[in-house]
Amino acid sequence: MAAIRILFDEAQIKRRVGELAQEIAQTMPPDMMIVGLLTGSFMFVADLARELARLGHAPRIGFLRLSSYGQGRESSGRVKLTGDVPDVAGHQVLLVDDIVDTGRTQAFARDLLLDAGAQSVQACLLVDKPSRREVEVPTEFIGFSIGDLFVVGYGIDYADQYRQLPYIGTID
Ligand code: IMP
Ligand code: MG
């Protein structure tokens, strides 16, 4: 494993996820539906769902598998659906992902969910890289904003490694 410089440690992530859950609980209905993007959001969704449960919310939880990244660090620029779409018809959806970078994945997923009959879609991203945006997309709930850095950990991978780390950091 390469050397990792920690940007956000376990305690910082836990605190921020708790704060995000509070913000979400104030604006979204208790019976909302969480749709996480696989694979990167799995850890974030698991922690966010438990924080929302502590606040009395009872979200349905589903996942969507999209792909755009190959094995490298740059997005291929094309996003495609590679699995089933959860039944979101009539639901107020919270679209959850690990990172918003160019914005293409968010734009694609939002359109897909609205086409599938979601009543509304709001997005929650743990990490935002605003300087990298190529497509304007709404980002209602943001955990951390960073510069143009490549990060791993807490679900986020580099070539399918590092997802297991309890913290978020950069690799050289
Ligand atoms: P976008 O479509 O360019 O916004 O890219 C979003 C997707 O790219 C996220 O779902 C991530 O999986 C991936 N991604 C973007 N930046 C990073 C990074 O720094 N590390 C690992 N994956 C990333
Ligand atoms: Mg991803």
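Counting Lys and Arg as +1 and Asp and Glu as -1, each charge on the Cβ, what is the dipole of segment 1-136 about the Cα centre in debye, to the nearest 20?
Taking the Cα centre of segment 1-136 as origin, the dipole is about 280 debye.
If you average the alpha carbon positions of segment 21-46 and of segment 104-172, how far apart do those two centres end up, in angstrom?
Result: 13 Å between the Cα centres.
Using a Gaussian network for the chain with springs between C-alpha atoms less than 10 Å apart, which of these wobbles most: Gly90, Gly103, Gly62?
In the Gaussian network model the winner is Gly90.
Among the helices of the chain (complete DSSP H runs), which have Cα atoms covering no less than 18 Å along the helix axis and a Kyte-Doolittle mean of at least 0.5?
Those that pass (Cα extent of 18 Å or more, hydropathy at least 0.5) are 42-54.
Please report the antiparallel percentage of the DSSP beta bridges confined to the chain, to the nearest 5.
35
Using only the alpha-carbon atoms of segment 97-172 as identical scatterers, what base-10 log of I(q)/I(0) does the Debye formula give at q = 0.11, 0.13, 0.14, 0.25 Å⁻¹?
Log10 I(q)/I(0), no solvent term: -0.30, -0.42, -0.48, -1.17.
Heavy atoms only, probe 1.4 Å: what % of the accessible area of segment 40-172 goes to carbon and sulfur, would you let me know?
After summing per-atom areas, the C and S share lands at 47 percent.
Among Ala123, Ala159, Ala25, determine the one that fluctuates most according to a GNM of the chain built with springs between C-alpha atoms less than 10 Å apart.
It is Ala159.
Can you compute 3J(HN,Hα) from phi for each residue in segment 133-150, using the Karplus curve 6.51 cos²θ - 1.76 cosθ + 1.60 with θ = phi - 60°, rounded to whole Hz and x for Gly and Pro?
Here the 3J(HN,Hα) series is 5, 10, 10, 6, 9, x, 10, 6, 10, 10, x, 9, 9, 10, x, 7, 10, 9 Hz.
Among rounded, prolate and oblate, which fits the chain when a ≥ b ≥ c are the square roots of the eigenvalues of its C-alpha gyration tensor, a/c under 1.5 means rounded, and a/b larger than b/c means prolate?
Verdict is oblate for the chain.
With an 8 Å cut-off on Cα pairs and a minimum separation of 6 or more residues, tell me the relative contact order of the chain in percent.
Relative contact order of the chain: 26 percent.
Considering only Ile4, Ala25, Ala58, whose Cα is most displaced toward the positive end of the charge dipole of segment 1-74, charges sitting on Cβ of Lys, Arg (+1) and Asp, Glu (-1)?
My answer, from the dipole projection, is Ile4.
The values are calculated or read from the model by the stated rules, or taken from the named source; none is laboratory data. Nothing here was measured: the structure is a model prediction, and the numbers come from that model. Backbone-built Cβ (ideal geometry, glycine too); neighbour counts: all protein chains shown. Just so you know, the surface numbers come from the protein's heavy atoms only, side chains and all, with ligands and any DNA or RNA stripped out. Shrake-Rupley method; radii C 1.70, N 1.55, O 1.52, S 1.80 Å.
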